Amino acid sequence: MPDLLDVPREDLVLVPEEPLLTDRGEVELRFRIEGGGACHRFTERIVLPEVPDPRPVGDDARLVARLLSLVAGLSYYKTVVPPAIDTSELGAGPAEREFLAEVVRGGLGEFAYRNDVPDALRPEVRGSGRDLAGSGHEPDLGRALVAVGGGKDSIVTIEALRAAGLDVTLFSVNTYDPITRTAEVAGLPLLTARRVLDPGLRALNEAGALNGHVPVTAVNSLIACLVALRAGFGRVVFSNERSSSAGNLTWQGLEINHQWSKGLGFERLLRDRLAGVPVDYVSFLRPLSELAIMRRFASHSAYHRAFTSCNRSFHLDPAKRTEWCGHCDKCRFVFLTLAPFLPRAELLAIYAGRDLLADEDQRDDFLDLLGTGPHHKPFECVGEPEECQVAVELLRRHPEWKDHPFLAAPGVAELVVPAAQEEAAFDFSPEHCLSDVLEQAARAVL
C-alpha cells in the first residue's frame, strides 16, 4: 500500500465516519484519508469529565458529536489537503455540509495563507443524508458552564457572572497550571475534558505533511456543549471579545483571521446549527473591547499572579513551558494594554521585573500591534491596532509612563488618537448574542 504522502493530492478524499458516544462519557471520532491505493485511518478520543447524575446520550448529544466530528476532522484534513470531504458515512445533511464548508473557509484561512494552498479553503464537501434536529427541550439558564483558559478574559467573565447570581462551573479541554490556578482563586469547580489526537497525526507531520493553525476554539466549543448536555448546564459561556472578529490581512480576496472561530461570525453559525439543543452557546464579552476588559481585569488583583496569556505556558512539552516568555506577541499585547490600568511596579512584577517597552529589539513588534510597523497585525489572539493606539494615548497621560522613551520612538510619537477613537474603545457594541440577563451583566463590566 503506497504511503499517503506519496499519493497525488488530487486523488485523495477525507472521510469522517460516524462518531461513537457512550453513556460513560467517551467519544470516539474516526476518520480516514484514502485514494490512489492508500488508506490512512485516524481515531481521536475525547473523555468527558465525571459528573453527578450524568444524562444519557440522546439526539442532542448525537447532533453535537456530528458537528464535532466535522470540525475536528480538519486537524487531519490539513495534512494533505484532499480536494474532497465525503460526509456520506457520517450522514451529514445539507445544512451540516454547509456548516463544514464555512468552518473550512474561515477557520483554515491562516493555514492556507502560510502554506500557500488557497485550494485548501474550497474542498468539495459532498455526501447525502439529513440534518439532525435538536430535541427542543428548554435549557436550565441558571447554570453556566464557563470555559476557562487561564487568561484575563475568562476571569472577567467568571466574576461578572458570579456577581449576577448565576451558578457557575468552570470547564477546560485538557488542563494546565494557569487553568487550575484560576479555578483555585475563583473557588469554583472545574470540569476537564480530555482530548487525545491520533498519534498518527504527529507522525505524518514529522514525515513532512502540511501543518498549521486550525480553529481549535470551534472544537473546544462543541466539546463544552457535550459536557453541558451530559451535566445539565443550560449555558455554555465563552469569553471572546469583539476584537476577535477583526482579521489580520486580506489574501486571495478573503479576510484571513487567526481568531476566526472566536469571532461573532462563528458564534452565530454555531448557534444556528444548535437550534433546538437545550444549550445557549454564547460569548459573554462579545460587546466589549480588549481595553475595557483589561480595565476591569486590573481590579481583580487576586488573579494577577494566577493568570497568563503567553502560549508558552501551554506547550505540549512540559519542559518547555514558561509563565511569561516576554518575547511573543501576546506578552507584548497584554503588557501594552494592561499598563494604563495597573501601578507600574505591579505590572513589572507579573513579568518578573521586565519592562518590555524598554526592549529595543521588540520595538518593531510593538509597532506591528499599533499598525505602524513593517508587518500586518500578528497572527495571535491580540486586539485591534486602534485599541493599542488608545493604550499609548492613555500611557501618555499616566504619571508613571508619560516620560518613557517608548512613547518618543518613531512610529509611536507621531500617533494621533482622536477623542472619538478613545471613546469607541470603551463603547458597548450592539453586535452580540446575549440574553437580557447576560447583557445586563456584561454592561456592568464597563
Of the residues ARG305, ARG312, which single one is open to solvent by 20 Å² or more (accessible area, probe 1.4 Å), among the basic types (Lys, Arg), in a loop (DSSP other than H, G, I, E, B) and under 24 Å from LEU357 (Cβ atoms)?
ARG305
Unmet criterion (only one of (1) more than 20 Å from GLU290 (Cα to Cα); (2) assigned to a helix (DSSP H, G or I)) for ASP403:
(2)
Go through (1) out of contact with any Asp or Glu (no Cβ under 6 Å at 6 or more places or on another chain); (2) of a type in the set (A, V, I, L, M); (3) under 30 Å from LEU63 (Cα atoms) and name the single condition ALA164 misses.
(3)
Residue check, ALA424 at positive phi, open to solvent by 20 Å² or more (accessible area, probe 1.4 Å) and hydrophobic (A, V, I, L, M, F, W, C):
no
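Of the residues ALA65, ALA38, ALA61, ALA95, which single one is within 24 Å of LEU254 (Cα to Cα), small (Gly, Ala, Ser), touching a helix residue (DSSP H, G or I) at 6+ places or on another chain (Cβ under 8 Å) and open to solvent by less than 60 Å² (accessible area, probe 1.4 Å)?
One residue alone meets the criteria, ALA95.
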Which listed residue is modelled with pLDDT of 95 or more, assigned to a helix (DSSP H, G or I), small (Gly, Ala, Ser) and surrounded by fewer than 21 Cβ atoms within 10 Å (Cβ to Cβ), from ALA101, ALA120, ALA183
ALA101
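Let's see how each residue does on (1) at positive phi; (2) of a type in the set (D, E, K, R); (3) touching an Asp or Glu at 6+ places or on another chain (Cβ under 6 Å):
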| site | (1), (2), (3) |
| --- | --- |
| ARG55 | no, yes, no |
| ALA65 | no, no, no |
| LEU68 | no, no, no |
| VAL81 | yes, no, no |
| GLU102 | no, yes, no |
| VAL117 | no, no, no |
Sole miss for PRO178 among (1) within 20 Å of the chain's Cα centre (by Cα); (2) over 28 Å from ALA61 (Cα atoms); (3) surrounded by fewer than 17 Cβ atoms within 10 Å (Cβ to Cβ) is condition (3)
Scan the stretch 76-83 and tell me whether some residue there is within 24 Å of GLY136 (Cα to Cα) and crowded, with 17+ Cβ neighbours inside 10 Å.
no
Checked pairs for the stretch 322-338, first within 19 Å of LYS377 (Cα to Cα), second surrounded by fewer than 20 Cβ atoms within 10 Å (Cβ to Cβ) and among the acidic types (Asp, Glu), C-beta under 7 Å and 6 or more apart or across chains, list as ASP329/GLU380; LYS330/GLU380
What are the residues in the stretch 393-423 that are within 26 Å of ALA442 (Cβ to Cβ) and touching a residue at least 40 places away in the same chain (Cβ under 8 Å), if any?
LEU394
State the number of residues belonging to the stretch 325-339 that are of a type outside the set (Lys, Arg) and open to solvent by 20 Å² or more (accessible area, probe 1.4 Å).
3
Taking the stretch 186-200 and keeping only residues that are under 19 Å from the mean Cα position of the chain (by Cα), surrounded by fewer than 19 Cβ atoms within 10 Å (Cβ to Cβ) and within 30 Å of VAL80 (Cα to Cα), one is left with ARG194, ARG195, VAL196, LEU197
Tally time: how many residues in the stretch 10-26 are outside any loop (DSSP other than H, G, I, E, B) and either on the phi > 0 side of the Ramachandran plot or in contact with a helix residue (DSSP H, G or I) (Cβ under 6 Å, 6 or more places away or on another chain) (or both)?
3
Expected single match for in a helix (DSSP H, G or I), open to solvent by less than 20 Å² (accessible area, probe 1.4 Å) and not polar (S, T, N, Q) among ALA228, ALA203 is ALA228
Hey, among the residues in the stretch 356-400 that are assigned to a loop (DSSP other than H, G, I, E, B) and among the basic types (Lys, Arg), which one's most open to solvent (accessible area, probe 1.4 Å)?
ARG397
Please state which one of GLY136, GLY150, GLY165, GLY129 is in contact (Cβ under 8 Å) with a residue 60 or more places away in the chain, more than 20 Å from the chain's Cα centre (by Cα), on the phi > 0 side of the Ramachandran plot and not in a helix (DSSP H, G or I).
GLY136
Can you go through VAL173, VAL168, VAL219 and tell me which one is modelled with pLDDT of 95 or more and out of contact with any strand residue (DSSP E or B) (no Cβ under 7 Å at 6 or more places or on another chain)?
VAL219
Quick check on PHE333: is it farther than 25 Å from VAL103 by Cα and at pLDDT 95 or above?
yes
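The values are calculated or read from the model by the stated rules, or taken from the named source; none is laboratory data. Note that this is a predicted model, so its numbers are computed, not measured. Ideal geometry is used to build each Cβ from the backbone, glycine not excepted, and the neighbour counts take in all protein chains shown. Just so you know, the surface numbers come from the protein's heavy atoms only, side chains and all, with ligands and any DNA or RNA stripped out. Shrake-Rupley method; radii C 1.70, N 1.55, O 1.52, S 1.80 Å.
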